[in-house]
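Q: First the structure, which I've put down as structure tokens, then a few questions once you've had a look.
The values are calculated or read from the model by the stated rules, or taken from the named source; none is laboratory data. Since the structure is predicted, the reported quantities are computational estimates derived from the model, not experimental observations. Cβ sites come from the backbone with ideal geometry, for glycine too, and all protein chains shown count toward neighbours. Remember, those area values only see protein heavy atoms, side chains included, never the ligands or the DNA or RNA. Shrake-Rupley method; radii C 1.70, N 1.55, O 1.52, S 1.80 Å.
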Amino acid sequence: MNRGGSSKVVQHNHSTMPQGDQDRDFWQREPTLYTVKGMAILDNDGNRILAKYYDKNLFPTPKDQKMFEKNLFSKTHRANAEIIMLDGLTCIYKSNVDLFFYVMGLSHENELILMSVLNCLYDSVSQILRKNVEKRAVLDSLDIVMLAMDEICDGGIILDADASSVVQRVALRTDDIPLGEQTVAQSLIVLQSAKEQLKWSLLK
């Protein structure tokens, strides 16, 4: 959803392949669990806050990744949509305050699945930060947001698309990290968020 509150889906079809051949090509592809090619959080200047890419063939170097992110941001930061096709990838995104959240998959991937991953990423960050989804808060809890990304997707395989369970598992993982490697405040934020989620689930 964009900051204006409205959303629409825009689909681009740049292929000149006849429809019958496209259908045949789609059904002949081998199914794969490696649905997600990348996830990224950028600020409102297009600078990377956090990004993970799962296919070295697509973006083999950090320079390639940064070029893609720059292009992606330029195409989306003023767009009134939540999906674009770029460099052969389906890119699903949403923004809030001074942050842009992106999930990328190949052009033939199911957009609803990618959208569920994006929503899980955004909602997990929102719960971790107690709905204070902005650049400063993310930077203050960057290691915990990174853990959430790892709980959602591993190597391109979707592990979980439910934000509440992601946050609860992140809280359990932070219990195993020595306090010297994280701030007490970050631990309390995640644990408090997990407790609140558990409380509301019991009240339902």
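Q: For ALA79, state whether it is of a type in the set (Gly, Ala, Ser), at pLDDT 95 or above and out of contact with any Pro (no Cβ under 7 Å at 6 or more places or on another chain).
A: On the way: of a type in the set (Gly, Ala, Ser): yes; at pLDDT 95 or above: no; out of contact with any Pro (no Cβ under 7 Å at 6 or more places or on another chain): yes.
For ALA79, the condition - of a type in the set (Gly, Ala, Ser), at pLDDT 95 or above and out of contact with any Pro (no Cβ under 7 Å at 6 or more places or on another chain) - is not met.
Q: Output the residue which, of all residues in segment 88-111 that are assigned to a strand (DSSP E or B) and not hydrophobic (A, V, I, L, M, F, W, C), is surrounded by the most Cβ atoms within 10 Å (Cβ to Cβ).
A: If we filter segment 88-111 for residues that are assigned to a strand (DSSP E or B), which is where we start, we get 89-96, 99-106.
Narrowing further to those that are not hydrophobic (A, V, I, L, M, F, W, C): 90, 93-96, 102, 105.
Details: THR90: 22, TYR93: 26, LYS94: 20, SER95: 21, ASN96: 16, TYR102: 24, GLY105: 22.
Within segment 88-111, the match that is surrounded by the most Cβ atoms within 10 Å (Cβ to Cβ) is TYR93.
Q: I've got another one for you. Being part of a helix (DSSP H, G or I), of a type in the set (A, V, I, L, M, F, W, C) and open to solvent by 10 Å² or more (accessible area, probe 1.4 Å) narrows it down to one residue among ALA137, ALA148; which is it? Before you say what the answer is, go through the steps one by one.
A: Numbers: ALA148 fails: open to solvent by 10 Å² or more (accessible area, probe 1.4 Å).
Checking each option against the conditions leaves just ALA137.
Q: Could you look through segment 53-64, keep only residues that are assigned to a loop (DSSP other than H, G, I, E, B) and free of Cβ contacts under 8 Å to residues at least 60 places away in the same chain, and pick out the one that is surrounded by the most Cβ atoms within 10 Å (Cβ to Cβ)? Lay out the reasoning, then the answer.
A: In the first step, residues of segment 53-64 are kept if they are assigned to a loop (DSSP other than H, G, I, E, B); the result is 54-61.
In the following step, the residues that additionally are free of Cβ contacts under 8 Å to residues at least 60 places away in the same chain were identified as 56-61.
On the way: LYS56: 9, ASN57: 6, LEU58: 17, PHE59: 21, PRO60: 11, THR61: 9.
Restricting to residues being assigned to a loop (DSSP other than H, G, I, E, B) and free of Cβ contacts under 8 Å to residues at least 60 places away in the same chain, the top hit is PHE59.
Q: Could you list, in sequence order, all residues of segment 159-169 that are hydrophobic (A, V, I, L, M, F, W, C) and either in contact with an Asp or Glu (Cβ under 6 Å, 6 or more places away or on another chain) or open to solvent by 50 Å² or more (accessible area, probe 1.4 Å) (or both)? Even if it seems obvious, please write down each step before you answer.
A: The first filter runs over segment 159-169 and keeps only residues hydrophobic (A, V, I, L, M, F, W, C), leaving 159, 161, 163, 166-167.
Selection gives LEU159, ALA161, ALA163, VAL166.
Q: Of the residues MET85, MET67, MET17, which single one is over 25 Å from SER164 (Cβ atoms), exposed (fewer than 15 other Cβ atoms within 10 Å of the Cβ) and at pLDDT 90 or above?
A: Details: MET85 fails: exposed (fewer than 15 other Cβ atoms within 10 Å of the Cβ); MET17 fails: at pLDDT 90 or above.
Checking each option against the conditions leaves just MET67.
Q: Please pick out the residue among ASP55, ASP25 that is of a type outside the set (Gly, Ala, Ser), touching a strand residue (DSSP E or B) at 6+ places or on another chain (Cβ under 9 Å), within 17 Å of GLU109 (Cα to Cα) and at pLDDT below 95.
A: Values: ASP25 fails: touching a strand residue (DSSP E or B) at 6+ places or on another chain (Cβ under 9 Å).
Matching residue, one of ASP55, ASP25: ASP55.
Q: Give just the number: which of (1) in contact (Cβ under 8 Å) with a residue 24 or more places away in the chain; (2) farther than 21 Å from ASN44 by Cβ; (3) open to solvent by 30 Å² or more (accessible area, probe 1.4 Å); (4) not acidic (Asp, Glu) does LEU114 not satisfy?
A: With (1) in contact (Cβ under 8 Å) with a residue 24 or more places away in the chain; (2) farther than 21 Å from ASN44 by Cβ; (3) open to solvent by 30 Å² or more (accessible area, probe 1.4 Å); (4) not acidic (Asp, Glu) applied to LEU114, the lone miss is (3).
Q: Now, a different point. If GLU111 meets every condition in (1) charged (D, E, K, R); (2) closer than 17 Å to ILE157 by Cβ; (3) touching a Gly at 6+ places or on another chain (Cβ under 9 Å) apart from one, which number is that one?
A: Only one criterion in (1) charged (D, E, K, R); (2) closer than 17 Å to ILE157 by Cβ; (3) touching a Gly at 6+ places or on another chain (Cβ under 9 Å) is unmet by GLU111, namely (2).
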